[in-house]
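First up is the structure itself, then whatever we jot down about it.
The values are calculated or read from the model by the stated rules, or taken from the named source; none is laboratory data. Source: prediction; values computed, not measured. Note: ideal-geometry Cβ built from the backbone for every residue, glycine included; neighbour counts use all protein chains shown.
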Amino acid sequence: MMIKIKWYLGIAVCLIVLAISVLSADSRSSHQAQPGFQVSTLGALNVGVYQGVATLAKLKQHGDFGLGTLEGLDGEMIMLNSKAYQVRVNGSAYPVADKAKTPFSIVTFFHTARSLQLKGQLTYQDLQQQLDKQLPTPNLPYAVRLQGTFPALKVRSVPKQTLPYPPLKDVVSRQQRVFALQNVRGTLVGFRLPQYFRGINVAGYHFHFITDDRKAGGHLLDGIFFKPVVDVQPLQDWKIQFPDNIAFEQALLE
Ligand SMILES: [Zn+2]
């Protein structure tokens, strides 16, 4: 009788150990094998391919966290916890309907693989350098999130363009509006992509900001950070949805 109970106990322990190892393997794979998904290419956006390619509903099938812009280069888009916001050229944020279309975006399902605690007060340049030192390799893309109160952030937005669409650099140099936010609470949603992404996407760091009250934000240009905690997730896979339109087909892309 005693032997039988021990035998049952042994099997029960084995099953529990097996269940725990399967569960932890699952969570590990969801952390590490998450794909990044992008719509169109930075090269296409640079030459003015601002036609909508994918709906926000489609984007949400590929992620709950990301950034981009809307059809016609209509402001800066931020996706956080599956909710999308548009920061218009006036600096104010508005919810985006699922039927809205994006010409260029990046999303992923965000799971914090590791949190990096940085020290002291940092400029945006310091932040990038310190993060680069702490990331396991520069050769993988990462989703990057910073939450908290930021001493100062400089963000921008751009106005919606009309056809024929001008190149991105002309819109930025002539029409972008810059907003200085101070002691602002919110989330920076971003990515760090390897240098070999050039032409496909922004190589290096790219962040969009949204305040905790979801009323303001924009594309990050500069900032001051104090002891920031940075959540990062490596992305082991990358998917691109290329535009299915004449503007993309006829664009001279590098
Ligand atoms: Zn941006």
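Details
- When restricted to residues that are of a type in the set (Ser, Thr, Tyr) and more than 24 Å from residue 214 (Cα to Cα), region 124-141 contains 1.
- Only listed residue being crowded, with 19+ Cβ neighbours inside 10 Å, in a strand (DSSP E or B) and either in contact (Cβ under 8 Å) with a residue 12 or more places away in the chain or touching a His at 6+ places or on another chain (Cβ under 9 Å) (or both), chosen from 146, 221: 146
- Within region 57-71, residues that are over 17 Å from residue 44 (Cβ atoms) and assigned to a loop (DSSP other than H, G, I, E, B) sit with their Cβ atoms under 6 Å from residues that are polar (S, T, N, Q) and within 16 Å of the ligand (Cβ to nearest atom), at 6+ positions apart or across chains, in these pairs: 63/108.
- Pairs where the first residue, in region 235-254, is farther than 18 Å from residue 198 by Cβ and the second is outside any strand (DSSP E or B) and among the β-branched types (Val, Ile, Thr), C-beta under 7 Å, 6+ apart: 241/53; 243/49; 243/53; 247/49; 248/49
- Of the set (1) within 16 Å of the chain's Cα centre (by Cα); (2) more than 16 Å from the ligand (Cβ to nearest atom); (3) surrounded by fewer than 17 Cβ atoms within 10 Å (Cβ to Cβ), all apply to residue 246 but (1).
- Single residue of region 185-233 satisfying the filter (among the aromatic types (Phe, Trp, Tyr) and in contact with a strand residue (DSSP E or B) (Cβ under 7 Å, 6 or more places away or on another chain)) that is nearest to the ligand (Cβ to nearest atom): 207
- Residue under evaluation residue 171, criteria (1) in contact with a helix residue (DSSP H, G or I) (Cβ under 8 Å, 6 or more places away or on another chain); (2) of a type in the set (A, V, I, L, M, F, W, C); (3) within 29 Å of residue 246 (Cα to Cα), criterion not met: (1)
- The number of residues in region 191-218 that are in a strand (DSSP E or B) and either touching a Ser or Thr at 6+ places or on another chain (Cβ under 9 Å) or buried (at least 16 other Cβ atoms within 10 Å of the Cβ) (or both) comes to 14.
- For region 189-237, filtering for residues that are under 11 Å from residue 106 (Cβ atoms) and under 13 Å from the mean Cα position of the chain (by Cα) leaves 9.
- Residue in region 119-133 that is surrounded by 14 or more Cβ atoms within 10 Å (Cβ to Cβ), assigned to a loop (DSSP other than H, G, I, E, B) and either of a type in the set (A, V, I, L, M) or out of contact with any Lys or Arg (no Cβ under 7 Å at 6 or more places or on another chain) (or both) present: no
- Count - residues of region 31-60 that are aliphatic (A, V, I, L, M), more than 22 Å from residue 196 (Cα to Cα) and surrounded by fewer than 21 Cβ atoms within 10 Å (Cβ to Cβ): 1
- Output for region 61-71, where each listed residue is more than 14 Å from the ligand (Cβ to nearest atom) and crowded, with 18+ Cβ neighbours inside 10 Å: 62, 63, 65
- Some residue of region 200-220 being modelled with pLDDT under 95 and within 19 Å of residue 69 (Cβ to Cβ): no
- Matching entry among 85, 124 (being of a type in the set (Ser, Thr, Tyr), over 18 Å from residue 61 (Cβ atoms) and touching a Pro at 6+ places or on another chain (Cβ under 7 Å)): 85
- Residue within region 101-115 that is of a type in the set (S, T, N, Q) and within 21 Å of residue 50 (Cβ to Cβ) present: yes
- Meets criteria (within 16 Å of the ligand (Cβ to nearest atom) and at negative phi) for residue 85: yes
- Residue 178 vs. criteria hydrophobic (A, V, I, L, M, F, W, C), surrounded by 12 or more Cβ atoms within 10 Å (Cβ to Cβ) and closer than 13 Å to residue 218 by Cβ: yes
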